[in-house]
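First up is the structure itself, then whatever we jot down about it.
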Amino acid sequence: KERGTMSHLWPVAACLILLVSFIIVEYRESYAIGVVLKGLASACFVLLGFMGSRGAADARFAGFIAAGLAAGAIADVLLSLRYVYKKRWTVFFTSGTIVFLVGHVFYSVGVWPRALAPFVFAGLGIAAAFFIIRWIFSQIGAQGALSVIGVLYICGVVILNCLALSALIARPSHQALMLLASTLLFLASDIIHILNTFGGNPQFKRRVLNLTLYYFGQILIALSLQLG
């Protein structure tokens, strides 16, 4: 049964306002302020998730989704710090990517029991990830070679997408549809981010698109908790 009427929308408004503010200060290269604004924006979707998880019928699912949101917020701050401490760019980028991967693992573990033939769909995810990664390498070239962590991360995101699709097939619902939409937004955002970061021709408009898709993905997955 769907719970409530999406009464917790104020964190969504706060998140989007903070996101726009973050984009503006990053464009102006005020990176220290950007870390604060991005952290606050991410805290909003974490709060939204915890608000939605209270009283959820499936406490296990809600707990893993909330944990994934929290991991995403931590990763957001780590990735932003690479612009403040540029000499440690690689350290913050790698650590942020690892924490993001952990967050997607939380999401996947939460969705797993709901999926139809989860091992089959996870295998399909690995196969699909192979072709997506191969295409990414064809776009970024040798000079933008993705790290092992980056490759594993893309595999994790694609597997999550396949599990979300399987869960929708197994038990169609508004929550399952919203979950799949959020994972698709994550994948699109990550591909844009990789192409923009490692493709040799970074453009700020791609950065804006990457951030927008990502935050809408996190907001949707947090809101999905209020639908079951």
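Worth pointing out:
- What the chain shows is 47 Å² of accessible area per residue, with the surface traced by a 1.4 Å probe over protein heavy atoms.
- Cα-Cα separations in the stretch 158-228 greater than 18 Å, expressed as whole percent: 43 percent
- Here r is the Cβ-Cβ distance between Ile149 and Ala32 and R0 is 22 Å; the resulting FRET efficiency, rounded to 0.05, is 0.25.
- Here the accessible area of the stretch 95-228 is 77 percent carbon and sulfur, with a 1.4 angstrom probe and all protein chains present.
- Summary of the geometry: the stretch 104-136 and the stretch 3-68, compared by the centres of their Cα atoms, lie 25 Å apart.
- Matching label, Rg and Dmax of the Cα atoms in Å computed from the structure shown, candidates (1) 17.1, 51; (2) 18.6, 83; (3) 16.9, 55: (1)
- P(r) for the stretch 1-77, from all Cα pairs and a bin width of 5 Å, is 3, 17, 22, 20, 16, 10, 7, 4, 1, 0 %, short bins first.
The values are calculated or read from the model by the stated rules, or taken from the named source; none is laboratory data. Keep in mind that this is a model prediction, so the values were computed, not measured. In this analysis, Cβ positions are derived from the backbone assuming ideal geometry, glycine residues included, and neighbour counts consider all displayed protein chains. Ligands, DNA and RNA are excluded from the accessible area calculation, which covers all protein heavy atoms including side chains. Shrake-Rupley method; radii C 1.70, N 1.55, O 1.52, S 1.80 Å.
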